[in-house]
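Enquirer: One structure is given below, represented as structure tokens, and several questions about it will come after.
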Amino acid sequence: LGPLKIRWYGLMYLVGFAAAWLLARHRARQPAFGWKIEWVDDLIFYLAVGLILGARVGYMLFYGTAGIIADPISILRIWEGGMSFHGGLLGVALAAWLFSRKIGKSFFETADFIAPLAPIGLCAGRIGNFINGELWGKTTDVPWAFVVDGVPKHASQLYEAGLEGIALFLAVCC
């Protein structure tokens, strides 16, 4: 869109945050959770910041330490790629803890409330990996393999979208 570059992975983050926001608003309307609907906007903001910062910082610390040493500002360049799941998880946990303190809930009450939100984002992120053509699985001869650079491979991103996304969502919601 003109000078603005839309990337699939970034779009999947947006889809994940929007879907999490909608689900959180739905859950906040249910009296059993003891949540105020007006908390949801702030919650999603905290979680989004925690996820993005944690994922980027985690990636740079675990995989790009040389890049930080050579160019410390590189940690801010999220458009260049490099986000880690484990860094994002730590960032979300910290954000949830901070938000819990803000609203007077325990960390575990907040974790219970947000648990079904995560699989939606995980599913969207793995679909983004698939569209971007990254994180392919091992070489295989199964009939549903995808040919990548002339080699049939497992679409591990789609397996993960199904397991981390759909199956995990059903497990935490049921």
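The values are calculated or read from the model by the stated rules, or taken from the named source; none is laboratory data. Given the structure is predicted, the values throughout are model-derived calculations rather than measurements. Cβ atoms come from the backbone with ideal geometry, glycine included; neighbour counts cover every protein chain shown. Side chains are part of the model used for accessible areas, which takes the heavy atoms of the whole protein and leaves out ligands, DNA and RNA. Shrake-Rupley method; radii C 1.70, N 1.55, O 1.52, S 1.80 Å.
Enquirer: Mind checking Rg over Rh on the range 101-174, alpha carbons, Kirkwood formula for Rh?
Expert: 1.19
Enquirer: Using the heavy atoms of the protein chains alone and a 1.4 angstrom probe, what is the accessible area of the chain per residue in square angstrom?
Expert: Spelled out: the 1.4 Å probe surface of the chain, per residue, equals 61 Å².
Enquirer: Oh, and also: Below 15 angstrom from the Cβ of F146, what's the summed charge of the other residues (Lys, Arg +1; Asp, Glu -1)? Could the numbers behind the result be given before it?
Expert: Details: positive: R126, K138, K153; negative: E134, D141, D149, E160.
Summing Lys and Arg as +1 and Asp and Glu as -1 gives -1.
Enquirer: How big is the dipole moment of the range 1-130 about its Cα centre under a simple scheme where the beta carbon of each Lys and Arg is +1, that of each Asp and Glu is -1, and everything else is neutral? Debye, nearest 20, please.
Expert: 180 debye
Enquirer: Loop-only chymotrypsin sites (Phe, Trp or Tyr not before Pro) in the range 45-146, please: DSSP not H, G, I, E or B, and at most 13 other Cβ atoms within 10 Å.
Expert: Here the chymotrypsin sites (Phe, Trp or Tyr not before Pro) that fit, given the DSSP loop and packing criteria, are W144.
Enquirer: When Rg is the radius of gyration of the Cα atoms in the range 42-109 and Rh is its Kirkwood radius, what does Rg/Rh come to?
Expert: 1.08
Enquirer: Here is a further query. Please work out the FRET efficiency for the pair L163 and I68, using the Cβ-Cβ distance as r and a Förster radius of 35 Å; give the result to the nearest 0.05.
Expert: 0.60
Enquirer: Related question: Quick one: Kirkwood hydrodynamic radius for the chain, alpha-carbon pairs, angstrom, one decimal? Intermediate results must be reported in sequence, preceding the final value.
Expert: Details: mean 1/r = 0.0569 Å⁻¹.
About 17.6 Å for the chain.
Enquirer: On the accessible surface of the range 1-77, probed at 1.4 Å, how many percent belong to carbon and sulfur atoms?
Expert: Values: 3540 of 4950 Å².
Here it works out to 72 percent.
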